[in-house]
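What follows is a set of notes on a single structure, which appears directly below.
Read-outs: derived from the displayed coordinates by stated rules, not from any lab. Since this is a predicted model, take the numbers as computed values, not measurements. Please note: Cβ atoms are built from the backbone with ideal geometry, for glycine as well, and neighbour counts cover all protein chains shown.
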């Protein structure tokens with residue numbers, strides 16, 4: 001697809017998506033190191049897998065941008081978020097995943113309005129993957145909250 005046939009907002013949505021995915025990479029990597037320091041190698045490994053998954057999303061976006069004839073560029077990364085316990089980390093991550101899902105939903109809606117089926121399909125695939133990721137985070141969070149003591153659960157709220 002030639003650069004001139006792509007709506008400028010699609011390019012902006014791709015750049016924003018790249019920023020959000022790289023923010024997720026930074027956040028999950030930071031949290032992997034943090035929880036490893038707490039002695040939780042299981043959570044650290046899971047965060048490292050999340051890092052790789054988000055990096056693959058970023059790579060797909062870069063590939064898409066190059067395919068469309070624009071130089072990839074993430075505009076701004078959010079600072080990595082951290083917390084004092086795993087439940088709080090997962091809640092922060094859920095918020096980030098919700099941002100990604102909402103961004104992809106907006107990009108899909110734009111592509112539908114302008115009749116850009118190619119980019120709509122691209123964003124739709126990422127939207128589905130991020131929704132699935134959010135569901136996995138919800139499941140992990142739910143299992144931790146179910147096994148916490150009532151006092152700990154209240155303190156984490």
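Computed values, structure above
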{"quantity": "Rounded to 10°, Cα long-axis angle of helix 117-147 versus longest principal axis of the chain", "calculated": "0 degrees"}
{"quantity": "Neighbour-count order for 67, 82, 57, fewest beta carbons within 10 angstrom listed first", "calculated": "67, 82, 57"}
{"quantity": "The chain: relative contact order in percent, alpha carbon pairs under 8 Å with at least 6 residues between", "calculated": "26 percent"}
{"quantity": "Three-way shape label, the chain, alpha-carbon gyration tensor, a/c 1.5", "calculated": "prolate"}
{"quantity": "The chain, helix-only ellipticity at 222 nm - DSSP H runs n ≥ 4, -39,500 (n - 2.57), divided by all residues, nearest 500", "calculated": "-28000 deg cm²/dmol"}
{"quantity": "Between 0 and 90°, nearest 10: helix 41-68 axis offset from the chain longest Cα axis", "calculated": "10 degrees"}
